Structures are given as structure tokens and as C-alpha cells.
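In what follows, a structure is listed as C-alpha cells, so that the remarks can point back to it.
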């Protein structure tokens with residue numbers, strides 16, 4: 001058995017390295033969206049404040065599967081992170097900790113995923129009761145799982161090899177987590193920051209982010225046309241009024257300050273940014289947006305049934321202020337190759353070939369690919385003799401015909417346009 005120890009200790013946000021990309025060598029395209037339906041599907045966190053563990057664990061899985069054509073990493077357990085990560089962070093003297101269903105931090109989760117990792121959802125199911133005993137995933141009663149002391153030797157721990165902050169300016173972190181107000185930044189700095197995030201996503205995969213949730217976001221999420229809309233604080237206001245509202249928002253709205261046009265601050269929330277693009281809004285403006293994976297369940301009116309779009313490049317709701325990503329080892333070469341599928345298997349239902357539709361380890365502990373390769377080789381031997389045999393028969397007929405002609409007529413050659421032609 002492998003021993004598992006819950007991670008404790010404190011991380012200084014100031015000590016986390018920052019991934020910086022030179023703008024003159026960036027490779028990301030203007031739009032990066034077509035891959036989104038292939039990513040890990042959204043889940044429902046329900047009443048459990050576990051978004052911090054969900055966004056980080058799902059982005060880890062997406063990065064582990066990046067470039068793989070087979071041997072895909074299965075659904076991972078964010079419940080394992082919730083149950084076992086008990087570490088804290090500090091920023092400018094303020095401290096916060098991973099608190100199970102009461103919230104946590106991207107850096108505490110990625111620290112845990114780097115030092116320990118997580119297991120398959122099938123081994124440590126994604127279930128966690130709230131105070132009333134309601135399961136936050138499927139709405140049924142259940143028993144919350146404790147952090148296991150050990151796991152079987154053959155149970156894989158899926159890990160990061162390190163993590164970095166992606167936002168360029170350190171003091172931006174305080175907008176969401178330390179509840180402090182950093183200085184206003186010029187638009188060029190915000191755009192440079194957004195480009196840095198886009199480059200990271202394009203080169204390596206989804207990132208985990210925190211943003212401030214304001215009261216008008218719920219109406220946006222539930223709107224029947226949400227999938228075609230881009231969120232910004234005050235999205236229901238007229239353009240003239242909306243342009244007077246700080247797109248970052250203010251966490252004091254509704255507490256220390258009056259609501260802003262009826263909009264109040266609710267809480268912090270974590271999601272994954274998985275892609276980006278641009279579109280024309282109802283006012284005729286071309287706006288840039290991020291594509292974010294939420295954790296509020298399967299929602300048919302939402303983009304891809306559980307994602308949403310939010311303004312990009314203006315730090316809308318501080319979504320570009322706390323951006324973190326973990327890095328993973330390259331997949332094994334065999335996982336990046338197209339799977340070999342015997343022709344005979346193509347005539348059968350997919351369920352008749354479980355080793356091909358789900359290339360996981362067999363009971364013997366190794367992928368069952370040898371038989372697949374043997375079947376393909378046998379098919380080649382049996383069926384690839386036909387064309388060479390026909391060619392040989394035709395060649396023999398031509399030779400016999402030519403030998404029956406006088407010697408001066410055998411294979412006369414002409415040259416035309418540099419090509420040798422038989423006549």
C-alpha cells in the first residue's frame with residue numbers, strides 16, 4: 001500500500017513563480033474554441049464550496065490528456081483534494097486556508113496536486129455532504145469520505161510536476177482573495193496580461209482562475225440565450241450606463257457601499273478558462289471573451305451545456321487577477337499514436353471491443369494490444385497478395401508476346417518532353 005499524507009503548511013503567494021511570454025513571439029491564434037467540447041465535462045458542486053478543487057483538478061486532467069490519442073486519463077477525484085488538502089496561503093500578511101466545503105485557493109490545491117496528486121474518481125468518488133446531509137453532486141444522501149491513510153500500490157496518483165501564476169502583476173491577486181483594492185491599470189497592461197493568459201492556454205491547456213461573483217451573474221447564467229451572450233457586470237444595463245460601471249467591480253457594493261445600479265457583491269468563485277474568441281454584441285461592438293467551464297451542473301441554456309463567456313482583456317469581475325496553472329509530464333509516446341483497430345472489429349458494435357474503446361490496463365496489468373497487432377498482420381498477409389500476383393501475370397504475358405516478335409521490334413523507345421514512353 002502507498003501511504004497518503006494530507007498536505008499542510010503555508011505557501012507565500014509572493015514566492016510562486018510567474019509564467020511570462022514575450023509578446024513578440026506569441027503563437028496563440030485570434031480564436032481558440034473548437035477543442036472545447038472534447039474537454040472534461042462540467043460537474044455540479046451544489047451547496048459545497050468546492051469550486052477551488054474542481055477547477056484545478058479538471059484542468060490537471062485536461063492537460064494530462066492533451067495530445068493523447070489513446071490511454072486517456074480517466075475522470076479524476078477532486079473529492080480527494082477536498083478531503084486531503086489542509087494547507088494555507090499568505091499574501092501581504094493575510095492568510096487563508098483550504099477549508100473543505102467552505103472554500104480554498106488555487107495555489108493550495110495545485111500545491112497538493114504537485115506534492116501528492118489525486119486518484120481516479122472511480123476509486124475516491126466525487127461526493128461530499130453539506131451540513132444537511134445532501135450530496136453536492138447528485139442530490140442524494142451519502143457519507144463524506146475521509147482522506148485515506150493508504151491507497152493500493154496499483155492505484156495511480158495523477159500529479160502536476162509544478163505550478164505557476166499566469167497573471168503578470170502580483171498585486172492583482174488581492175482583488176479576489178485578499179479583498180483589497182489594487183491600483184487601476186491602463187488598458188495596455190490589461191491586454192498584455194490577457195495575451196499572456198491566452199498564450200498559456202493555447203500552448204499548455206486550461207488554467208484555473210478565481211473571479212468575483214456579483215448578483216447579476218445568476219440572471220446571466222439562467223438566461224435562455226446565455227450561450228450566445230458575453231457576461232460583464234451590468235450586462236442588463238444600457239450601453240451608456242454600463243460604460244460608467246467599473247468592469248472589475250467592487251467587493252464593497254452592498255456592504256460598505258450602496259449597490260451599484262442594484263448590483264451587489266456575493267462571493268468569490270473559481271472556474272477554468274479553457275478557450276477564447278470574439279463576437280459582436282447587441283450594441284454592434286466587437287468584444288473579446290474567455291470561455292469558462294463552470295461547476296453548476298448540466299445547463300442546456302448555457303454554452304456547451306455548462307460553460308459561459310465573459311469579457312476578455314478588461315479584467316472583468318477580476319477574472320484575470322488570480323490565474324494559476326500546473327504543468328505535467330509529457331504523455332508516453334504510445335499514447336500519442338493513433339490506436340490500431342483491426343478491420344474485423346470495425347464491423348462489430350463498439351461495445352464488442354472494450355479493449356479498443358477504452359484502452360485501460362487489463363487484468364494482467366498491461367494494455368491488450370498484442371492481439372490487436374497480430375490480427376492486423378494476419379489480415380495483411382491474407383489480403384495483400386492479390387495486386388502483386390496480377391502484375392506478375394501481366395508481365396509474363398508481355399514478355400511472351402515480345403519474344404514472339406522479330407528482334408528489331410522489341411521494346412523500341414522514344415523520348416518526349418523528357419519522359420521515356422513505351423510505344
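Coordinate-derived values only; no laboratory data. The model shown is predicted, which means the values in this text are computed figures rather than measured ones. Because the Cβ atoms are built from the backbone with ideal geometry, glycine has one as well, and the counts that use them run over all protein chains shown.
With the simple spin-label model, which puts each label point 7 Å out from Cα in the Cβ direction, the residue 14 to residue 150 separation comes to 4.3 nm.
Highest mean packing first, where packing is the average number of other Cβ atoms within 10 Å per residue, the peptides 223-236, 290-303 line up as 290-303, 223-236. From the square roots a ≥ b ≥ c of the eigenvalues of the alpha-carbon gyration tensor of region 1-95, which class results: rounded (a/c under 1.5), prolate (a/b over b/c), or oblate? Taking the square roots of the gyration eigenvalues as a ≥ b ≥ c, region 1-95 is oblate.
Each peptide in 18-26, 307-315 was scored by the mean count of other Cβ atoms within 10 Å over its residues; highest first, the order is 307-315, 18-26. Report, in whole Å, the centroid distance computed from the Cα atoms of region 23-46 and region 217-260. For region 23-46 versus region 217-260, the Cα centre distance is 24 Å.
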